[in-house]
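To keep things clear, I will list the structure first and then write my remarks on it.
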Amino acid sequence: MTLAHYLANRHRYEFIVVVALLLLIVVTNVTTIGMEYERDGVGQGWREAWATESTSVFTLGVLLLPLFFFLDRLDLTLTNFRQKAVWLLPIFLSFSLLHVAGFVALRKMLWAMGGQQYTFDPLLLGLVYELRKDFLDFLIIISLFYSYQFVVDRLRGEARFLDEENQQQDIKRMQFLVKMLDREYLVKVDDIDWVQSASNYVVLHCGERHYPMRQTLKSLNEELSDSQFMRVHRTAIVNLQRVADIQEKGDLGIHLTSGELVPLSKTYLPDLRNALSGTETAVSVSVT
C-alpha cells in the first residue's frame, strides 16, 4: 500500500482501526470484570459485565467523532500550547459528562428490558469516579490523536507554490517546493501527470513520485487555469500533454502515457475532447 493510497482512503482505515480498538477494550474489560465476578461468586456476572462495558465503550465511540473534530480545530502544538490548552478543560468536561449521560441512558434501557431498574448511585461519588476514569482516557486520546497527526504530516510532507506572489508567471515555469521528511524537492508544474483529490489536500502525481499538498482541488484548479491542465472528475485534474487515450467502454477513464488510469466523468467528457483537439496530443477512444 502506497502513501498516496493510504492518504486517499485514510478515513476508512482510521475508522477500521478505531472500531477494532474499541472492540478490544470491550473484550479486555469484560473478561477482567467477568473473572473477578467469578472469583467473588457473583451470579450472572458475565451478563452484567457485557452490559456495563459495552454501553460505556459504545457511548465513547459515538463521542469520538465530535471530539476529533474539536481537537482538529484546536490544532494544539508546542508553540501555541499556552494559548490553546485552556480549551482542553471545557472540551474534557463536555466529553465526560456526555459520556456518563449516554451510558446511563443506555443502561436504563437495557435494565428496563430485563424487568429491572438501573440507578447511578451515589450520584456525586459516581460522577467523580467517572470523571477520574475519563480524564485518563482523555489524555490518552489527545496524545494518540496529535501524535498520529504529527506522523502523518511528516510522512506526507507539504507542497506549495515556490513563488506565490507572482501568480502571472508562465505556467511552464511555475514550481512547487515540496518538504518531506526534512528534505526539499523542486517540482515543476509541467512535470505533473495528474492531481488527485484527497479530502482537504491533493496529491501531485509526477511519474513514480507522489507529493501531497495542503490545498483543495477546486482552488488548485483555479490556479492552474489557462494552462494544459483540466479538471476531468470531482477527484482529478489531468495534464492534457500526458493523455494517451480515452476509455469509454465500461467505466470512463483516461489512460496516461505513464500507464495510469485516471477517472473521468461524463460531465467533463465533451470539454475534454474539445481541449484535446487543440493540443499536440493524439487521443484515441479505447474500445477494450
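Has segment 105-116 got any residue that is of a type in the set (S, T, N, Q) and farther than 19 Å from residue 54 by Cβ? No: zero hits.
Residues in segment 30-52: is at least one modelled with pLDDT of 90 or more and among the small types (Gly, Ala, Ser)? No, there is no match, as no residue in segment 30-52 is modelled with pLDDT of 90 or more and among the small types (Gly, Ala, Ser). Scan segment 58-107 for residues that are over 17 Å from the mean Cα position of the chain (by Cα) and farther than 24 Å from residue 120 by Cβ and the total you get is 13. Within segment 6-22, which residues are loosely packed, with under 14 Cβ neighbours inside 10 Å and in contact (Cβ under 8 Å) with a residue 24 or more places away in the chain? Scanning segment 6-22 gives 11, 19. Within segment 130-157, residues that are assigned by TED's automatic domain parsing to the domain that holds residue 99 and at pLDDT below 90 have Cβ atoms under 8 Å from residues that are in a helix (DSSP H, G or I) and exposed (fewer than 12 other Cβ atoms within 10 Å of the Cβ) in no pair, counting only partners at least 6 apart in sequence or on another chain. Return yes or no: is residue 60 over 19 Å from residue 147 (Cα atoms) and part of a helix (DSSP H, G or I)? The answer is yes for residue 60. Looking only at residues of segment 268-288 that are under 13 Å from residue 232 (Cβ atoms) and surrounded by 12 or more Cβ atoms within 10 Å (Cβ to Cβ), we find that the one that is modelled with the lowest pLDDT is 283.
For segment 247-256, indicate whether the set of residues that are of a type in the set (Asp, Glu), touching a residue at least 12 places away in the same chain (Cβ under 8 Å) and not in a loop (DSSP other than H, G, I, E, B) is non-empty. Taking every residue of segment 247-256 in turn, none turns out to be of a type in the set (Asp, Glu), touching a residue at least 12 places away in the same chain (Cβ under 8 Å) and not in a loop (DSSP other than H, G, I, E, B). Within segment 89-115, the set of residues being among the aromatic types (Phe, Trp, Tyr) and over 13 Å from residue 56 (Cα atoms) comprises 92, 111.
The residues of segment 221-255 that are among the hydrophobic types (A, V, I, L, M, F, W, C) and farther than 14 Å from residue 204 by Cβ, listed by number, are 230, 232, 240, 243, 244, 246, 252, 254.
The values are calculated or read from the model by the stated rules, or taken from the named source; none is laboratory data. Since we're looking at a predicted model, the values are computed, not measured. Every residue, glycine among them, receives a Cβ derived from its backbone with ideal geometry; neighbour counts consider all protein chains shown.
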